[in-house]
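**Q** Could you have a look at this structure, given as structure tokens, before my questions?
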Amino acid sequence: MQYIRKQYLSQNIDNIALLLSNSSNYNLNPFEKTMIKSILHTLDNKIIPSEEELVKLTDYLFKVEKWGYYEIIILGNCARTINYNSYYLLTKEMLNNYIYSSLSKTNKRLVAQLAINCLILSVDKKEFSTCTHLISKIERLLDSELNYYEQTVFLYATGYFEFKMNSTNSVEKMNKLSMYLIF
């Protein structure tokens, strides 16, 4: 993942695409290849996993009983290529079944980020009934945590949701948050 992250930040599509070739030094399984195609899709919309690859991936993820780092990373990186309904249902499953360790809060932080992204996409798609469920789950996830970035983005996402629901104080809430982010 470090290699992909470095190449992605450099916008080096060719080096990431090389991972999919048979001459790659990395031995990737089919789900990892689907993930790489999904990552590449964010840089070049001509590259996209096939429908068959996405079906196999979502089938695998729906069978996961305990979500670890691997599954969370796969879902997070494939979120833009998986259809919304599957993405929401998988996020819901992940929220209920992720592996949490008090020694390493990485999974919990990633789960929060993924759930917030799903919330924002739900608002974009006007899937408001799913938003309320996600908001309550994310509130519990972030309760008594010191994840300032996630809490800030969550505040913005809830303001965005309230704005779409025509709440009177939503614009004020997002403006205050914007002022906070500037400083």
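Every read-out reported here was derived from the displayed coordinates using simple, explicitly stated rules and does not represent laboratory data. Here the structure is a predicted model, which is why all the values come from computation and not from measurement. FYI the Cβ positions are ideal-geometry reconstructions off the backbone, even for glycines, and counts take in every protein chain you see.
**Q** If I ask for residues that are surrounded by 15 or more Cβ atoms within 10 Å (Cβ to Cβ), acidic (D, E) and farther than 13 Å from L90 by Cβ, which ones from the range 38-74 would you list?
**A** Within the range 38-74, just E53 meets the criteria.
**Q** Within the range 32-75, which residues are more than 25 Å from K108 (Cβ to Cβ) and of a type in the set (K, R)?
**A** K33, K37, K46, K56
**Q** So, one more: Scan the range 2-23 and report the pairs whose first residue is without any contact (Cβ under 8 Å) to a residue 60 or more places away in the chain and whose second residue is surrounded by fewer than 15 Cβ atoms within 10 Å (Cβ to Cβ) and assigned to a loop (DSSP other than H, G, I, E, B), with Cβ atoms within less than 7 Å and a gap of 6+ or a chain change.
**A** I13/D44; L18/S24; L19/Y26; L19/L28
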